[in-house]
Amino acid sequence: MNIYINDQKLETKLNGETHLGEVLDEIQKWIESNGKYLRHFTVNGQEINRSEVETWGVEKAERIDLVVGEELDIIEDSLVELDRYVDIVGSTLVGRDSLTEKENSDLKEGIPWIESMLLSTKKLLHLNLSSIKPMGKGKNVEEIIESLKLGSQNLDSTKVIESFLEDLRDLKLFLIDLSARLNVIRKDDEELFEIIRQFVKDKDKVKKDFMLVNENFQSGKDHLATEILTDAVGRFNSLISALVSLQSRHAENKWSEILINGKSLGELTSSLNETLNGIASAMEKNDIVYAGDILEYELPELLEGMVPFLEKILETVKN
């Protein structure tokens with residue numbers, strides 16, 4: 001039996017294992033002891049469920065190919081699977097007024113899995129799920145998850161199913177956002193530096209965009225205001241993802257000790273997140289005066305305050 005990991009042949013011999021399940025167990029222990037993760041595997045060129053090959057005799061496997069990756073790879077794989085699952089559930093529920101007993105049972109198992117995947121992603125990307133509203137207003141991600149958990153317990157009418165589908169659509173938007181953030185984290189250092197440099201260069205445009213949100217909101221163009229706000233927040237999220245990636249790659253730098261006017265970058269980004277949430281909340285309540293004050297005065301000042309941090313971070317990492 002030949003064993004390949006990421007297309008490289010593994011020079012090893014069996015140590016008394018008689019079943020393929022035992023072989024895979026030992027390989028997985030070795031992979032994880034090296035800080036890696038098993039993404040998927042094939043036996044004799046075929047993708048097969050682990051449970052199916054558990055009791056196979058080792059003589060049945062001429063070749064095993066394993067794909068191994070980092071934690072980020074596992075998160076990315078999980079998000080792809082999660083996105084596919086959300087699509088399947090959504091297409092199953094459209095036009096229905098009830099579910100079969102098996103469909104109900106499967107859904108009750110699926111929602112906790114969704115929650116588990118999102119919590120893992122939250123830790124990796126340093127996200128505050130209670131502050132992220134996929135639609136720019138309405139429920140945040142934590143509230144969406146709780147609503148899905150509650151709704152999955154009793155999908156017995158068209159109205160309840162439609163409400164559940166609305167939560168699924170919001171979750172789908174969040175998954176798209178997560179994929180974009182992961183794409184940023186996968187960039188090399190120079191690409192991450194460029195994201196930071198571009199944000200510094202475009203700071204006046206970013207501030208102007210937020211002012212345009214205010215102008216359109218006050219003139220009754222809520223839809224356009226939301227679009228501009230979503231785009232501007234997306235650029236901010238890319239910046240934060242770039243910073244998270246650089247900090248994890250260059251842990252030798254004492255990031256918490258970088259202070260400007262007595263404040264750390266973490267404190268400033270937390271204030272910025274709270275401010276963006278305040279804008280979203282004001283827009284949801286149609287509080288034009290409060291939203292306008294934040295967009296005209298508070299937000300530009302916070303964005304301006306980020307620039308010295310970003311310049312210092314570029315200088316610290318490059319040196």
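Checking each residue in the range 257-289 for being part of a helix (DSSP H, G or I) and either among the small types (Gly, Ala, Ser) or not assigned by TED's automatic domain parsing to the domain that holds VAL213 (or both) picks out GLY266, SER270, SER271, GLY278, ALA280, SER281, ALA282.
Right, GLU298: in contact (Cβ under 8 Å) with a residue 60 or more places away in the chain, part of a helix (DSSP H, G or I), surrounded by fewer than 18 Cβ atoms within 10 Å (Cβ to Cβ) and among the charged types (D, E, K, R) or not? No, not satisfied. Quick check: anything in the range 65-85 of a type in the set (Gly, Ala, Ser), under 30 Å from GLY151 (Cβ atoms) and either touching a Gly at 6+ places or on another chain (Cβ under 7 Å) or at pLDDT 90 or above (or both)? Looking through the range 65-85, none of the residues is of a type in the set (Gly, Ala, Ser), under 30 Å from GLY151 (Cβ atoms) and either touching a Gly at 6+ places or on another chain (Cβ under 7 Å) or at pLDDT 90 or above (or both).
The residue that is nearest to GLY69 (Cα to Cα), counting only those in the range 24-38 that are part of a helix (DSSP H, G or I) and of a type in the set (A, V, I, L, M), is ILE31. All conditions but one from (1) touching a strand residue (DSSP E or B) at 6+ places or on another chain (Cβ under 8 Å); (2) without any contact (Cβ under 8 Å) to a residue 24 or more places away in the chain apply to GLU26; the one that does not is (1). Quick check on GLN247: is it assigned by TED's automatic domain parsing to the domain that holds PHE309, closer than 20 Å to LEU127 by Cα, free of Cβ contacts under 8 Å to residues at least 12 places away in the same chain and not acidic (Asp, Glu)? Criteria met by GLN247. Within the span defined as the range 118-136, one or more residues are surrounded by 14 or more Cβ atoms within 10 Å (Cβ to Cβ), over 16 Å from the mean Cα position of the chain (by Cα) and modelled with pLDDT under 90.
Considering every residue within the range 156-164, establish whether at least one is among the small types (Gly, Ala, Ser) and within 22 Å of SER281 (Cβ to Cβ). Yes, the range 156-164 contains a residue that is among the small types (Gly, Ala, Ser) and within 22 Å of SER281 (Cβ to Cβ).
The values are calculated or read from the model by the stated rules, or taken from the named source; none is laboratory data. Small disclaimer: the values here were computed from a predicted structure and weren't measured. All Cβ positions, glycine included, derive from the backbone under ideal geometry; neighbour counts span all protein chains shown.
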